[in-house]
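Structure first, then comments.
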Amino acid sequence: MNYSFSDRIGGVKPSAIREILKLSSDPSVIAFSAGNPSADSFPKEEIEQFASEILGTTPVLALQYGLTEGYAPLREALKARCRQVYHSFDDGIDELIVTTGAQQVIDLLTKVICNEGDTVIAEGPSFVAALSSFKSYGAEVRQVAIDEDGMDLDELETAVKTARNPRFIYCIPNFQNPTGFTMPLEKRVGVLNIARKYNLLVLEDNAYGDIRFKGEHLPTIKSMDDEGRVVYAGSMSKLLAPGLRVGFVSAAPDLISKMVVAKQVGDVHTPVLNQMLCHSFLTRSDVPEHIKRINALCLRKSDLMLSELDAKVDGLFKYTRPQGGLFIWCTLPDGVDMMEFSGRAVRQRVAVVPGNAFYADDVARRQSFRLNFSSPSDENIIEGVGILAEVARGMC
Ligand SMILES: Cc1ncc(COP(=O)(O)O)c(C=O)c1O
């Protein structure tokens, strides 16, 4: 049968990149292409113990339908954490609901805010699944260049002024996906000021916020918001485990009520058992100690990949030195075909994510690619970086 699909999903296209990524699931390929936290970071015994206690003592609560807004004790625990750690929840102006990952926050906000043809302003490059979500609602995506110093604010203002009906600015200030960049404080203030000046919302995605293994935490944009302009997306994926699919959003009550309606027709609610596991973890585990452990793990992996790059790449391409998160962003010299590089690497059994993937447009030639250091084994990091350096030597 021939199927005909909606324009909405027809516009979200698979690409040559997918062919490269498909190969990453082959176990003989060294996958620097993943976005996964290290499996060693999961507190498996604790989760097992919490699950058996929950199912032993409150099985019906865990297995029955729940509220769309989320499991109330978890909402309270998340509010408390947002107040104390990220100052991203203000009792006077915010409400918070549990979502099925931070991904669902992106989806719900776009659904309730954007009409077809409206524009979302995002960083360039940015998180692929967010860009796809914006496009799936018929929104135009305008991307504003970022570097180690964050978003280019002049370019941001021009984009806002010239875009058709801009609705919100999407940014990932901490350890951005894919670049690993951290937006400096003055740029956070600058983004908020531009949003104020042009009456836009900001969607602040802090999916990686807890994974800081160097330097000091910076204030969230949400912490500077006193008028309900910033929508703050958080996640338990990197803090606890992504398979649980638990995230949350803190925003003005009017926005939250609409997102609840949208969630009701989406997945009804986030699995209650998973929410209860997150609640047990937040209220009974030593969370700061757990964060210390996963950050030590990420620091070790990131240092290993960087020292291998330092030793083997020999200036053939550039790469970032992240203060947190899961990624290193590499840039080939001008004139080197990045897709050809990525293709050659995967034929040598090392998968990277070509930089094109992180742009909403179809510009074929971009010079960068993303490496993940958290999930490959040490041996694979050492071997894989050697192979990338070899491929680069043949092309640069
Ligand atoms: C920047 C960013 N935001 C959101 C998400 C989605 O996170 P979650 O697992 O909470 O849906 C990811 C996942 O990789 C991400 O990189």
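How would the range 338-396 be classified by its alpha-carbon gyration tensor: rounded, prolate or oblate, with rounded meaning a/c under 1.5 and the a/b versus b/c comparison settling the rest? Because a/c hits 1.5 or more and a/b fails to exceed b/c, the range 338-396 counts as oblate.
Dividing the helix sum by the residues of the chain, where each DSSP H run of 4 or more adds -39500 (n - 2.57), gives a mean residue ellipticity at 222 nm of -13000 deg cm²/dmol.
How far apart, in nm, are the 7 Å Cα→Cβ label points at residue 84 and residue 61? For the pair residue 84/residue 61, the computed spacing is 2.1 nm.
If you find the alpha carbon centre of the range 296-335 and of the range 56-102, how far apart are they in angstrom? When both Cα centres are located, 36 Å separates them. Calculated on the alpha-carbon coordinates, the convex hull of the range 131-196 measures out at 82 cubic angstrom per residue. Cross-link pairs exceeding 31 Å in C-alpha to C-alpha distance, out of 111/292; 111/318; 79/263; 263/301; 111/187, comprise 111/292; 111/318; 263/301.
When the Gaussian network model of the chain links Cα atoms closer than 10 Å, the mean-square fluctuations of 343, 101, 92 top out at 92.
Using 0.36 nm per residue, how much length does the chain from residue 380 to residue 45 gain when fully extended, once their Cα-Cα distance is taken away?
117.9 nm
Residue 158 sits among other residues whose Cβ lies under 11 Å from its own Cβ, and their net charge, with Lys and Arg +1 and Asp and Glu -1, is -2. Packing around the peptides 300-312, 159-171, 269-281, taken as the average count of other Cβ atoms within 10 Å per residue, puts them in this order, highest first: 269-281, 159-171, 300-312. With one equal scatterer per alpha carbon and no solvent term, the Debye-computed log10 I(q)/I(0) for the range 110-250 at 0.10, 0.15, 0.16 1/Å reads -0.30, -0.71, -0.81.
In order along the range 92-101, the Karplus-derived 3J(HN,Hα) couplings, from 6.51 cos²θ - 1.76 cosθ + 1.60 at θ = phi - 60°, round to x, 10, 10, 10, 9, 10, 8, 10, 8, x Hz, and Gly and Pro are given as x. Relative protection proxy for 47-55, 388-396, from highest mean packing down: 388-396, 47-55 (other beta-carbon atoms within 10 angstrom).
Each reported figure results from applying straightforward, stated rules to the coordinates on display, with no laboratory input. Being a predicted model, the structure only gives us computed values, none of them experimental. All Cβ positions, glycine included, derive from the backbone under ideal geometry; neighbour counts span all protein chains shown.
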